[in-house]
1. Determine, yes or no, whether residue 79 is at pLDDT below 85, in contact with a strand residue (DSSP E or B) (Cβ under 8 Å, 6 or more places away or on another chain), within 21 Å of residue 159 (Cβ to Cβ) and surrounded by fewer than 19 Cβ atoms within 10 Å (Cβ to Cβ).
2. Given segment 130-182, what strands (runs of 3 or more DSSP E) lie entirely inside it while holding 1 or more residues that are within 15 Å of the chain's Cα centre (by Cα) and surrounded by 20 or more Cβ atoms within 10 Å (Cβ to Cβ)?
3. Would you point out the residue of segment 259-271, among those that are over 15 Å from residue 20 (Cβ atoms) and either over 19 Å from the mean Cα position of the chain (by Cα) or at pLDDT 85 or above (or both), that is surrounded by the most Cβ atoms within 10 Å (Cβ to Cβ)?
4. For segment 117-129, enumerate the residues that are over 14 Å from residue 205 (Cα atoms), surrounded by fewer than 19 Cβ atoms within 10 Å (Cβ to Cβ) and either at pLDDT below 80 or within 16 Å of the chain's Cα centre (by Cα) (or both).
5. Considering every residue within segment 46-57, establish whether at least one is surrounded by 13 or more Cβ atoms within 10 Å (Cβ to Cβ), out of contact with any helix residue (DSSP H, G or I) (no Cβ under 9 Å at 6 or more places or on another chain) and under 28 Å from residue 199 (Cα atoms).
6. Could you tell me whether any residue of segment 250-258 is over 20 Å from the mean Cα position of the chain (by Cα) and buried (at least 17 other Cβ atoms within 10 Å of the Cβ)?
7. Can you tell me which residue within segment 90-116, out of those that are in a strand (DSSP E or B) and surrounded by fewer than 20 Cβ atoms within 10 Å (Cβ to Cβ), is farthest from the chain's Cα centre (by Cα)?
8. Given (1) modelled with pLDDT of 90 or more; (2) in a strand (DSSP E or B), where does residue 230 come up short, assuming only one miss?
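The values are calculated or read from the model by the stated rules, or taken from the named source; none is laboratory data. Note that the structure is a prediction, hence the values are computed from the model and not measured. Here the Cβ positions follow ideal geometry from the backbone for every residue, glycine too, while neighbour counts run over all protein chains shown.
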């Protein structure tokens with residue numbers, strides 16, 4: 001896998017007035033007017049409808065390709081209450097989604113705006129204010145809140161080889177930190193290097209990739225641009241670089257962000 005700094009324009013009139021909620025397995029989970037949810041494959045233009053909903057999600061994910069026989073769509077709902085968390089899910093073949101409310105008592109959880117991570121049957125949700133993580137296990141009908149100190153302004157989570165990693169960006173975007181969640185000690189462990197991995201990060205879906213091409217490892221690819229050039233962050237230099245060279249900076253000032261941009265990892269056997 002290698003990164004090209006090329007632009008291609010594709011027209012999808014069927015996606016007018018829609019919003020991308022999540023991306024995985026080469027599929028997009030889309031919303032239209034917050035009541036219509038459907039899957040869309042941009043490679044094949046295949047569309048799979050989901051039952052209508054009156055819920056508004058702050059974060060959502062799906063566990064398997066929508067062409068499989070066992071996927072679940074799981075989401076966190078918007079709420080103004082800090083000591084309650086509302087979640088909803090629907091399994092393949094169901095006509096209606098199931099919704100629940102968890103009372104956190106004196107604990108606080110202020111929704112999530114980064115992609116959920118589904119790993120070993122558990123959904124991991126990172127809140128956008130306090131830095132806490134909520135873990136949901138639907139098979140055991142239980143949840144657990146892990147209290148963690150707030151780290152940064154922007155937060156992302158991604159699954160990497162069976163672990164949950166967090167990517168944290170300071171409010172002035174000068175510093176980027178990658179940390180691994182230690183579940184037994186219930187704390188983040190800072191990583192100085194990604195090894196042979198690179199991360200593709202966005203608010204609607206993230207993934208890790210083992211790099212075989214020289215120069216791609218130990219980098220984080222955000223949905224940011226310098227002019228028309230894609231931007232990466234190197235953990236080796238601790239600087240932002242453009243894909244085709246010619247720009248390097250410790251600050252993210254002057255960079256534009258594709259607010260509705262998302263990474264798509266196409267998988268041919270899951271189309």
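1. Values: at pLDDT below 85: yes; in contact with a strand residue (DSSP E or B) (Cβ under 8 Å, 6 or more places away or on another chain): yes; within 21 Å of residue 159 (Cβ to Cβ): no; surrounded by fewer than 19 Cβ atoms within 10 Å (Cβ to Cβ): yes.
The answer is no for residue 79.
2. Details: elements: 133-137, 142-146, 154-160, 163-169, 176-182.
Hits in segment 130-182: 133-137, 154-160, 163-169, 176-182.
3. Result: 270.
4. Result: 119, 122, 128, 129.
5. Yes, segment 46-57 contains at least one residue that is surrounded by 13 or more Cβ atoms within 10 Å (Cβ to Cβ), out of contact with any helix residue (DSSP H, G or I) (no Cβ under 9 Å at 6 or more places or on another chain) and under 28 Å from residue 199 (Cα atoms).
6. Start the filter on segment 250-258 by keeping residues that are over 20 Å from the mean Cα position of the chain (by Cα), which leaves 250-255.
Retained after the next criterion (residues that are buried (at least 17 other Cβ atoms within 10 Å of the Cβ)): 252, 255.
Yes: one or more hits.
7. Taking segment 90-116 as the starting set, the residues that turn out to be in a strand (DSSP E or B) are 90-91, 98-103.
Among the residues that remain, those that are also surrounded by fewer than 20 Cβ atoms within 10 Å (Cβ to Cβ) are: 91, 98-103.
Details: 91: 20, 98: 23, 99: 22, 100: 22, 101: 23, 102: 23, 103: 25 Å.
My answer is 103.
8. If we test residue 230 against (1) modelled with pLDDT of 90 or more; (2) in a strand (DSSP E or B), just (1) comes out false.
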